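Asks: Let me give you the structure first, and then I'll get to my questions.
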Amino acid sequence: MRVDDKSRREFYLKECSESGWTTRQLERQINSLYYERLLSTQKENRAKIEGEIFKLEPAREPGFFLKDPYVLEFLDLRENKQYSEGQLEQGLIDSLQEFLLELGKGFSYVTRQKRISTDDGEHYYIDLVFYNYLLKCFVIIDLKVGKLTYQDVGQIDFYVRLFDEKVKQSDDNPTIGIVLVTDKSESIVKYSVLADKDNLFASKYKLYLPSEEELLAELQRERALIERNIEEGETK
């Protein structure tokens, strides 16, 4: 696959990285003039074009849509060392457009502090709820100030199970749960249900843009993912 035009090439590289396209999906998008059709389509109809690949090709795993870390420099909280989870949540709501852009493809805001209740009347409140129309599922986010703990993992697992039973519809895919923390313990990830369940994630957030070294590491990670997808496509 060769794309000579620089603008088109950079567009497809960015889309491939962000959406986790396989080689076959990338080839289909190029051959179907995806870039040109998006440019010529009115804004309200673009979501249909953006989502068509996931109807014609197998959907990617949630991990291809979720980031680690998320960069939340638009919150202007870097100098505030004593911010609370409530302030973090309010800041994300106040800057919802920027947060949706940072979340990535297919996300739409549903609500904050979503109350769900157990059968015996106990009430629990989920910080943020989104829906991803590409994955066709709810995405719930639990905000934490500090390092990931095993209690956080147990809490998001509980929230997802309860949300699936009380809120998810029959035509929705299983709910995705994300614990958003300032620091992620790889040991807790390795030895908890995060290692076994495809719909539970822990992601870090940064209150400032990464350094050049951090950006390079992230680019290398993305490149490795794309190369792995290409290799998988060639072996099929």
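No value in this document is a laboratory result; all are computed from the given coordinates. Since the model is a prediction, treat every value here as computed from it, not as a measurement. As a convention, Cβ positions derive from the backbone with ideal geometry for all residues, glycine included, and neighbour counts pool all protein chains shown.
Asks: How high is the FRET efficiency between Ile30 and Ser108 when r is their beta carbon distance and R₀ equals 25 Å, given to the nearest 0.05?
Replies: Working: r = 28 Å, r/R0 = 1.10.
That pair, Ile30 with Ser108, gives E of 0.35.
Asks: Would you mind putting 129-138, 89-98 in packing order, based on average other-beta-carbon counts within 10 Å, highest first? Provide the component values of the computation, followed by the final result.
Replies: Values: 129-138: 19.1, 89-98: 14.8.
Going by the mean number of other Cβ atoms within 10 Å, highest first, we get 129-138, 89-98.
Asks: Could you derive backbone 3J(HN,Hα) for region 34-40 from the dihedral phi with the Karplus parameters 6.51, -1.76 and 1.60 (θ = phi - 60°), listing whole Hz in sequence and x where the residue is Gly or Pro?
Replies: Values, residue by residue: 4, 4, 5, 5, 5, 5, 8 Hz.
Asks: Could you compute the net charge surrounding Phe163? Neighbours are other residues with a C-beta less than 12 Å from the C-beta of Phe163; K and R count +1, D and E count -1.
Replies: Numbers: positive: Lys114, Arg115, Arg161, Lys166, Lys168; negative: Asp142, Asp157, Asp164, Glu165, Asp172.
Every neighbour counted, the sum reads 0.
Asks: Taking every Cα atom in region 63-211, find the radius of gyration and the maximum pairwise distance Dmax, and write them in Å.
Replies: According to the Cα coordinates of region 63-211, Rg and Dmax are 14.8, 49 Å.
Asks: Step through the table entries Lys166/Lys190; Lys136/Lys197; Lys81/Lys114; Lys168/Lys190, compare each Cα-Cα distance with 23 Å, and write down the pairs that go over it.
Replies: Details: Lys166/Lys190 29 Å; Lys136/Lys197 18 Å; Lys81/Lys114 27 Å; Lys168/Lys190 28 Å.
Correct reply: Lys166/Lys190; Lys81/Lys114; Lys168/Lys190.
Asks: Using 7 Å Cα-to-Cβ label points, what is the Ser95/Asp196 separation (nm, one decimal)?
Replies: Placing both labels 7 Å beyond Cα along the Cβ direction yields 3.8 nm.
Asks: At 0.36 nm per residue, and after removing the present C-alpha to C-alpha distance, how many nm does the segment from Asp5 to Arg115 gain when stretched out fully?
Replies: Working: separation 110, 0.36 × 110 = 39.60 nm, distance 5.01 nm.
That pair, Asp5 and Arg115, stretches by 34.6 nm at full extension.
Asks: Just to check I understand the Karplus step: with θ = phi - 60° and J = 6.51 cos²θ - 1.76 cosθ + 1.60, what whole-Hz values come out for region 158-174, glycine and proline as x?
Replies: Here the 3J(HN,Hα) series is 4, 4, 5, 4, 5, 5, 4, 7, 9, 10, 4, 8, 5, 8, 8, 6, x Hz.
Asks: Now for a different question. Report ³J(HN,Hα) in whole Hz for each residue of region 113-128, in order, from the Karplus equation J = 6.51 cos²θ - 1.76 cosθ + 1.60 where θ = phi - 60°; Gly and Pro get x.
Replies: 6, 5, 8, 10, 10, 7, 5, 9, x, 7, 9, 10, 10, 8, 4, 9
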